[in-house]
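The structure under discussion appears below in the form of structure tokens.
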């Protein structure tokens, strides 16, 4: 009988350990899903922004669910670490397994205000994130970091009077304190003194979908030009990255300022200010039109991977040390795409920084 009781106790002990482990795993999975949901919402917000694509809202510093206004603070965020502005992002009130709202740190160059300067594919995040110790770098180019703060640990006070102080929610380990705006930040295995969970948005996460949005708008603008122009043609390309059409030029950059043979304005078209202005998106796309689709209406088509195309846009990827330059090869990577003929190929590199092709049709 005693042996039987001991056996039952052992089974229950093991079952309890397994059940506890399973519950912890489920909590971790739920928190990971919340962080991923928040990340996708932030990227979606950046892609959809109507005046500054790629920008992100300021953190929420008073726990009302809404991002703080840059306008109210002279063009800057009042703090670059705070809670995730879930209402601004159109999210439900996301809470981690401990019942706490998510926190969020932002790199200032990506704030939603023109005073932050140029924001396009050349703009890089600048937050550093480590794993376990400062000896292991996750990224030096984080645009934003999302935190699930977990349960309160020793030294933290989460009463209402202290509720908006990040030090009462975000932890420190390995000489790195997650509560300090500007970072560096750190992820680590949970312990009695550290239980933050992090998810990072890097430049490589953010810029490709933003670039695709911009490409779609440019293609739509160019298609409208062709539909409305008397020549039923695309505008001539610009020369030497100066944004103005040059008659007879089939390749260059999109002529976002002055188009020929007809101006944008004469066709009732307006180039979005964020394409022309400080964001410089217009200079991040190489542009080629088929001679048949030009004002001349003769000379053949373009081909991409062997298929006929009327127009090709190539995103030139983030800047390297050689830019600015008047040499096309410093912008367009593949020799087949920068040799000046009518044949193009989809870049084979899987790297985020590679060129990307967008075509009509």
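The values are calculated or read from the model by the stated rules, or taken from the named source; none is laboratory data. This one's a predicted model, so the numbers in the text were calculated from it and none came from an experiment. Don't worry about glycine lacking a Cβ; one is built from the backbone with ideal geometry, like all the others, and counts go over all protein chains shown.
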Notebook entry, point to check: Out of the stretch 26-49, which residues are touching a helix residue (DSSP H, G or I) at 6+ places or on another chain (Cβ under 9 Å) and either surrounded by 14 or more Cβ atoms within 10 Å (Cβ to Cβ) or in the same structural domain as residue 143 (by TED's automatic domain parsing) (or both)?
Noted result: 39, 42, 43, 46, 47, 49
Check: Based on what the data block shows, is residue 315 assigned by TED's automatic domain parsing to the domain that holds residue 224 and over 21 Å from residue 239 (Cβ atoms)?
Finding: no
Notebook entry, point to check: Is it fair to say residue 204 is in a loop (DSSP other than H, G, I, E, B) and under 21 Å from the mean Cα position of the chain (by Cα)?
Noted result: no
Checklist line | Residues of the stretch 317-337 satisfying the condition of being out of contact with any strand residue (DSSP E or B) (no Cβ under 8 Å at 6 or more places or on another chain) and at pLDDT 85 or above | finding: 334, 335
Check: Residues of the stretch 330-351 being closer than 17 Å to residue 250 by Cα and part of a helix (DSSP H, G or I), which ones?
Finding: 336, 337, 338
Note to self: It is to be established whether one or more residues within the stretch 293-305 are under 24 Å from the mean Cα position of the chain (by Cα), in the same structural domain as residue 239 (by TED's automatic domain parsing) and in a strand (DSSP E or B).
What the structure shows: no
Checklist line | One residue from 161, 142, 135, 179 being part of a strand (DSSP E or B) and either in contact with a helix residue (DSSP H, G or I) (Cβ under 6 Å, 6 or more places away or on another chain) or without any contact (Cβ under 8 Å) to a residue 12 or more places away in the chain (or both) | finding: 135
Check: Does residue 134 fit the bill of being modelled with pLDDT under 95, within 24 Å of residue 205 (Cα to Cα) and more than 20 Å from the chain's Cα centre (by Cα)?
Finding: yes
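Quick check on residue 220: is it within 24 Å of the chain's Cα centre (by Cα), at pLDDT below 95 and either assigned to a helix (DSSP H, G or I) or buried (at least 16 other Cβ atoms within 10 Å of the Cβ) (or both)?
Details: within 24 Å of the chain's Cα centre (by Cα): yes; at pLDDT below 95: no; either assigned to a helix (DSSP H, G or I) or buried (at least 16 other Cβ atoms within 10 Å of the Cβ) (or both): yes.
No, not satisfied.
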Item checked: From 90, 175, 126, 183, residue being surrounded by fewer than 16 Cβ atoms within 10 Å (Cβ to Cβ), modelled with pLDDT of 95 or more and not assigned by TED's automatic domain parsing to the domain that holds residue 354 -> 90
